[in-house]
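The structure appears right after this line, and notes come after that.
Quick note: the coordinates plus some simple rules give every number you see, no bench work behind them. Since the structure is predicted, the reported quantities are computational estimates derived from the model, not experimental observations. In this analysis, Cβ positions are derived from the backbone assuming ideal geometry, glycine residues included, and neighbour counts consider all displayed protein chains.
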Amino acid sequence: MHYLITGGACRGKTTLALWLCGRLPRPMAGLRTLCTGRCAAGPRFSLQDLATGRQEPLDRETAGQLSPRREAMEALAVPALQDAARQETPTVLVDEAGRLAGDPVCRQLLAALAGGAATLVVTAGPGDLPLLAPLWDGNAVTRIDLDAVSLDRAQETLAQTLPAPLHAGVSVRLFREEKCFGAGPLQLLELVGRTGSLHKAAAAMGMAYSKAWKMLGALEAQWGFAMLQRHPGGVGGGGSLLTPRAWELVARYRALRWDCDRAAQAAFDRHFGSFGVGTDADTEI
């Protein structure tokens, strides 16, 4: 069984895909996308190898336009998919697969994985579905459309048939006297980076604009530097961009969380292993 998660931008496709992979057999490998910048042409993304954490920019800016970087496919995407196939990884995530399916080598590797024993979890925008359709020929696939159902509802439905296994959960937060950064502020900054608007970022989080503004003000007070460059009015309608220091904060926090997640998983495997899996008839409660 494979899973195809579709929907427009900022609908929570990657969030649902990672949550779903946490309920599927481990280890997990594959690729995810991260927003790592923004220019006049729009948001810029990098590709991350889920086995190593390594990242490669997916695009380059030329004459005010964004164009794909072939090097990202050759240097990161192709080796990551080849390793997943060679090591027979049971669960493979391919985030925003339409970006990869346009590359003939990646398309062949995706087809091979789809026809193999691994469970593929794929995210894609609506416009990429025709390009991905050949992957599902003869393969069972469950599609979740986040344009038609909420993220919470999708999780509730999937949880009915995919119970969570025993696992270590890690929440990474930064403190001074009080908490000064964590998952919520990260999501807000990421969405501002993607949308170019604090209004749109708040709406995507289901948060009142006043609350988002307050959160932003608290961040700037705690860190001592501006998080946003504001551009009111104008032909494009104005908006907000993350400052270079804010992007650096996002990158450092992502790297810290990656290391913490990996360390927690290694410690969990070492101390628990198969303990707690299944039912032990000799155990008294």
Cβ-defined net charge surrounding residue 77, 13 Å radius [Lys, Arg +1; Asp, Glu -1]: -2
5 angstrom amide H check on residue 143, placed H, neighbours 5+ away: 4
Neighbour count of at most 14 Cβ within 10 Å plus DSSP loop: longest trypsin sites (Lys or Arg not before Pro)-free window in the chain: 55-172
Mean separation of Cα contacts under 8 Å (6+ apart) over length of the stretch 76-124, as relative contact order %: 50 percent
Distant-in-sequence amide H partners of residue 69 (H built 1.01 Å from N, under 5 Å): 59, 60
Relative contact order (%) - criterion: Cα under 8 Å, at least six apart; region: the chain: 20 percent
Relative contact order %, the stretch 19-109, counting alpha carbon pairs below 8 Å whose residues are six or more apart: 31 percent
Helix-only mean residue ellipticity at 222 nm for the chain, each DSSP H run of n ≥ 4 adding -39500 (n - 2.57), per residue, nearest 500: -12000 deg cm²/dmol
Partners for residue 179 among lysines (Cα-Cα distance below 16 Å; same-chain residues under 8 apart left out): 214
Local electrostatic count at residue 68 - Lys and Arg +1, Asp and Glu -1, tallied over other residues with Cβ under 13 Å: -2
Sequence-distant residues sharing a close amide H with residue 23 (under 5 Å, placed H): none
Hull-based mean projected area of the chain, where the convex hull spans the alpha carbons, in square nanometres: 18.3 nm²
